[in-house]
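Below is one structure; the comments refer to it alone.
The values are calculated or read from the model by the stated rules, or taken from the named source; none is laboratory data. Note that the coordinates shown come from a computational prediction; the quantities given were computed from them, not determined experimentally. Cβ placement follows ideal geometry from the backbone for every residue including glycine, while neighbour counts extend to all protein chains displayed.
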Amino acid sequence: MTEHTIDALVPNGKGHQFAFYGDSCSGVPNALHAEKLAKVNDVVQRLVPAPEFIIFPGDEVIGLIPDEAELRAQWAHFFETEMAWLSGKDIPLYHCTGNHTTYDPMSERVFADVTSHLPRNGPRQQQGLSYYVRDGDILFIFEHMLWSGLGGEGHLELEWLSQTLAENTDARWKFVVGHHPAFAVNGFAGTYQRTIGDEYVAGFWALLKQHSVLAYLCSHILAFDVQCHDGVLQITSAGAGTAHRMPEGIEYLHCAQMAVDQDGLRYQVLDEDGALREKLSWPPEATTATYRCAKLGLTMV
């Protein structure tokens with residue numbers, strides 16, 4: 001190994017390891033966000049061994065435009081240029097919808113089209129928007145939280161989520177992925193806009209707890225944050241591009257690399273230079289009364 005490589009966390013025995021990062025808001029050549037995404041991608045490429053797969057929890061492109069051709073051009077640049085380094089590598093890239101990419105029926109249709117490589121096993125009216133991936137003993141459920149048919153941003157349906165979890169009870173490691181946090185991050189509260197709708201939170205989280213979901217992976221708020229509610233982690237990663245809107249000296253461009261095995265979940269958070277900024281092993285040992293992350297501490301609720 002050279003000084004330029006980064007040691008990835010690997011499972012202790014049977015398990016999986018993957019990268020998790022999002023909110024690049026890119027897709028425009030030579031724009032500020034493109035430069036930032038390139039730096040984060042470079043860090044991911046330095047991981048040894050390489051991730052088995054990548055979870056991208058939304059807002060790949062800047063989007064939020066009425067012109068379908070321009071939106072498709074942004075997606076084309078994202079896939080064909082910015083993520084071209086994945087070409088020829090056996091590293092699946094799994095996407096979640098976001099407010100910059102699925103903000104009306106047109107953009108939902110475009111998202112489903114440009115991500116046609118993803119499974120089509122979601123709710124009948126959300127094909128290509130919500131879906132799940134089952135790889136042996138690990139399950140990822142990608143929940144569309146902006147469906148125009150339900151009210152748009154911050155809205156979600158729970159029936160399909162409940163059914164999918166019930167049909168995959170034998171999965172050893174379960175994750176749900178969405179764009180909006182369920183619980184406010186860094187004080188950024190606001191139903192529908194900053195978090196999912198208040199009326200959904202209790203039912204959503206009850207399902208995660210009932211089915212022993214390990215973590216809810218989300219994005220949207222420009223930060224890295226981890227909280228624990230009723231034994232389920234909410235892990236927020238939104239540091240792949242929009243650095244100019246992050247609180248200076250507090251948040252930073254980053255990617256997270258995770259491993260799951262018989263002992264639980266471990267992650268390391270790497271900044272744009274590849275430096276380790278935060279880490280966690282979960283669950284904590286039973287004898288540990290207080291458990292804290294490296295930076296700000298773990299919110300226990």
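Going through the range 145-155 one residue at a time, which ones are within 17 Å of residue 207 (Cα to Cα) and buried (at least 22 other Cβ atoms within 10 Å of the Cβ)?
145
Got a sec? Which of 76, 69, 50 is at pLDDT 95 or above, in contact with a helix residue (DSSP H, G or I) (Cβ under 9 Å, 6 or more places away or on another chain) and in a helix (DSSP H, G or I)? Give the derivation first.
On the way: 69 fails: in contact with a helix residue (DSSP H, G or I) (Cβ under 9 Å, 6 or more places away or on another chain); 50 fails: in a helix (DSSP H, G or I).
On inspection, the qualifying residue turns out to be 76.
Can you list residue pairs whose Cβ atoms sit under 9 Å apart, with the first residue in the range 1-20 being under 15 Å from residue 259 (Cα atoms) and the second being at pLDDT below 95 and part of a loop (DSSP other than H, G, I, E, B)? Count only pairs 6 or more apart in sequence or on different chains.
Listed by first residue and then by second, the contacts come to 7/1.
Among the residues of the range 240-278, how many are assigned to a strand (DSSP E or B) and either touching an Asp or Glu at 6+ places or on another chain (Cβ under 6 Å) or more than 20 Å from residue 7 (Cα to Cα) (or both)?
Looking only at that region, the number is 3.
Restricting to the range 55-87, what's the tally of residues that are surrounded by 13 or more Cβ atoms within 10 Å (Cβ to Cβ), of a type in the set (A, V, I, L, M) and closer than 30 Å to residue 259 by Cβ?
Count: 4.
Among 37, 32, which is buried (at least 20 other Cβ atoms within 10 Å of the Cβ) and either under 19 Å from the mean Cα position of the chain (by Cα) or hydrophobic (A, V, I, L, M, F, W, C) (or both)?
Working: 32 fails: buried (at least 20 other Cβ atoms within 10 Å of the Cβ).
The match here is 37.
So which pairs qualify, if the first residue must be in the range 200-222 and without any contact (Cβ under 8 Å) to a residue 60 or more places away in the chain, the second must be among the acidic types (Asp, Glu) and surrounded by fewer than 23 Cβ atoms within 10 Å (Cβ to Cβ), the Cβ gap must be under 6 Å, and the two must be at least 6 apart or on different chains?
Hits for this filter: 209/230.
For the range 189-248, how many residues meet the condition of being touching a strand residue (DSSP E or B) at 6+ places or on another chain (Cβ under 7 Å), among the β-branched types (Val, Ile, Thr) and either more than 15 Å from residue 145 (Cα to Cα) or buried (at least 24 other Cβ atoms within 10 Å of the Cβ) (or both)?
Counting residues in the range 189-248 that are touching a strand residue (DSSP E or B) at 6+ places or on another chain (Cβ under 7 Å), among the β-branched types (Val, Ile, Thr) and either more than 15 Å from residue 145 (Cα to Cα) or buried (at least 24 other Cβ atoms within 10 Å of the Cβ) (or both) gives 5.
Can you pull out the residues in the range 175-201 that are of a type in the set (Gly, Ala, Ser) and in contact with a Cys (Cβ under 8 Å, 6 or more places away or on another chain)?
Residues satisfying the conditions are 178, 182.
Residues 38, 34, 19: which one is of a type outside the set (Ser, Thr, Tyr) and assigned to a strand (DSSP E or B)? First the steps, then the outcome.
Details: 38 fails: assigned to a strand (DSSP E or B); 34 fails: assigned to a strand (DSSP E or B).
Testing whether each residue is of a type outside the set (Ser, Thr, Tyr) and assigned to a strand (DSSP E or B) leaves just 19.
Looking at (1) of a type outside the set (Phe, Trp, Tyr); (2) surrounded by 19 or more Cβ atoms within 10 Å (Cβ to Cβ); (3) free of Cβ contacts under 8 Å to residues at least 60 places away in the same chain, which is the one condition that is false for residue 100?
Evaluating residue 100 over (1) of a type outside the set (Phe, Trp, Tyr); (2) surrounded by 19 or more Cβ atoms within 10 Å (Cβ to Cβ); (3) free of Cβ contacts under 8 Å to residues at least 60 places away in the same chain leaves (3) as the failure.
Does the range 75-93 hold any residues that are in contact with a strand residue (DSSP E or B) (Cβ under 7 Å, 6 or more places away or on another chain), under 17 Å from residue 40 (Cα atoms) and not charged (D, E, K, R), and which are they?
Answer for the range 75-93, where residues must be in contact with a strand residue (DSSP E or B) (Cβ under 7 Å, 6 or more places away or on another chain), under 17 Å from residue 40 (Cα atoms) and not charged (D, E, K, R): 78, 83, 86, 91, 93.
If you go through the range 212-239, how many residues are more than 11 Å from the chain's Cα centre (by Cα) and part of a loop (DSSP other than H, G, I, E, B)?
Count: 8.
Do you know which residues across the range 223-280 are acidic (Asp, Glu) and in contact (Cβ under 8 Å) with a residue 12 or more places away in the chain? Steps first, answer last, please.
Residues of the range 223-280 acidic (Asp, Glu): 225, 230, 248, 251, 261, 263, 271-273, 278.
225, 230, 251, 261, 263, 271, 272, 273, 278, listed by residue number.
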